[in-house]
Structure formats: structure tokens, C-alpha cells
Amino acid sequence: MIEYLFSQYKDYPTYEITLELVAIIFGLWSVWCAKKDHIWVFPTGLVSTFIYAYLLWKWELLGDSMINGYYFIMSIYGWYHWTRKKGDVEEFPVSVTINKEKIIAFIIFVLTLVFVIIVYLYFGKFTSWFSYVDTFLTAIFFVGMWLMAKRKIENWIFWIVGDLISIPLYFAKGYTFTSLQFLVFTIVAVYGYLEWKKILQQKTVPQKIV
């Protein structure tokens, strides 16, 4: 079983395996902080996404590489957004999306999908089913990260869907460590949704939770 899971790494450079493990550690730390609605979700995420943006480009998963570049930028924005306060009160607490934000999320999804398809066509990378899945996955994660930066509970739904797709994708591609990471991400994302839901339920003003 061990050989089946990790034999893909026998021809990989040691530094790539090391970088992948470091990115995974910081990625798991970041998701755990997100679950706890803790600001450290962003600095830990910056480390993980920077490394993955580099590795995924080398692995020719262009969409996922761009996802992580986007994560890096959005982590900086989210870090700023989450720390904004009016006196001692958070200016942007955990909340649900309004109709206007749902429309924006849909536009982000469509534009991302079109852009990644163009990139794959330009570089001639539509050579396997991985590429087609990667384009769809990129759009899902773009929306998820935008919603997280906005501190919207629906971000967890996008993470759960994207993580479930990523598990077999990365395993089939030969990146077992990363595949296992997404398995853990899925579990944490489910608990993250439930925890943020409790935060909303504890507020004095009732809100409809999806």
C-alpha cells in the first residue's frame, strides 16, 4: 500500500518533495485557522500558496498554479479586510452573501473559467482529462477564496466541492501528499462551515444560513 501511494515520488527531485511537504504543513495550518476564524489564516496561507504556485507551474497544472497566485494576492487583501475595525468592533464579521455578492461570485466563476480555458489553449495544454478538470476547479476555488476574503460563510461550500474534486485529481497526477492534504482539507472545511454557522447563530440579529 505504501509503495502504491508514494512510488510516484521515486524520480522527483528531493527539493520538490521538501517544498511540497512544507506547503502542505502551512496549508493545513491555514485551513485550521480559517475554521477557527483566526487572522493567521492569511500569513500561513501566503507561505503555502507561494510554494504551490511555483510547484504547480512546474507540474503543468496551469490553472491550479494561477489559483495559488490568486490566493497569494487575495490573502493580502483578506488579511487587511479581516483586521478592519470600527473602534473595538469588527467592521466585516462572518456573514452570509447577499444577492449582489451572489451575482459577483457568478461573474467571477464565468470569467475565471473563460480565462483559464484561453490560457490552456494558448499553451496547448489540453492534452488530458486533468486539464479539463483543472479549468473547472480553478473557477470554483477563485470564488471560494473571494468569499473567504469577504468573510462569507458560503466560502466553505466552494472549498468542500473543490477539495473533493482535487483528491482524485492530484492522486491520479501522482502527487499523493497533496491528494491526502485535500482529504484533510475536506474534513476541516465541513467543520469550518459548521463552526461559522454557530458564530452566525450566536448573533443577536437572525440571519438565514444556506
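The values are calculated or read from the model by the stated rules, or taken from the named source; none is laboratory data. Everything quoted here is computed from the prediction, not taken from an experiment. Methodologically, a virtual Cβ is constructed for each residue, glycine included, from the backbone with ideal geometry; neighbour enumeration extends over all protein chains shown.
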*Please tell me if LEU55 is within 22 Å of SER131 (Cβ to Cβ), surrounded by 17 or more Cβ atoms within 10 Å (Cβ to Cβ) and at pLDDT 85 or above.*
yes
*Can you tell me which residue among PHE136, PHE142, PHE115, PHE185 is in contact with an Asp or Glu (Cβ under 6 Å, 6 or more places away or on another chain) and of a type outside the set (Ser, Thr, Tyr)?*
PHE185
*Pairs only if they're at least six apart or on different chains, beta carbon under 9 angstrom, first in region 164-181 and of a type in the set (Gly, Ala, Ser), second outside any helix (DSSP H, G or I); list them, first residue then second.*
GLY174/TYR12; GLY174/TRP59
_Yes/no for LEU147 being free of Cβ contacts under 8 Å to residues at least 12 places away in the same chain and in a helix (DSSP H, G or I)_ = no
*TRP146 versus (1) surrounded by fewer than 18 Cβ atoms within 10 Å (Cβ to Cβ); (2) closer than 25 Å to GLN201 by Cα: which is the lone unmet condition?*
(1)
*Pick out the one residue from PHE42, PHE50 that is touching a helix residue (DSSP H, G or I) at 6+ places or on another chain (Cβ under 7 Å), within 24 Å of PHE130 (Cα to Cα) and either of a type in the set (S, T, N, Q) or part of a helix (DSSP H, G or I) (or both).*
PHE50
*Provide a single number: the residues in region 91-106 that are farther than 23 Å from LYS35 by Cβ and either surrounded by 11 or more Cβ atoms within 10 Å (Cβ to Cβ) or in contact (Cβ under 8 Å) with a residue 12 or more places away in the chain (or both).*
4
*asked:* Just to be sure before I move on: is VAL210 modelled with pLDDT under 90 and closer than 30 Å to THR14 by Cα in the structure I sent?
replied: no
*If only one of PHE72, PHE130 is within 16 Å of the chain's Cα centre (by Cα) and part of a helix (DSSP H, G or I), which one is it?*
PHE72
_I'm told THR138 meets every condition in (1) β-branched (Val, Ile, Thr); (2) in a helix (DSSP H, G or I); (3) surrounded by fewer than 22 Cβ atoms within 10 Å (Cβ to Cβ) except one. Can you identify the failing condition by its number?_
(3)
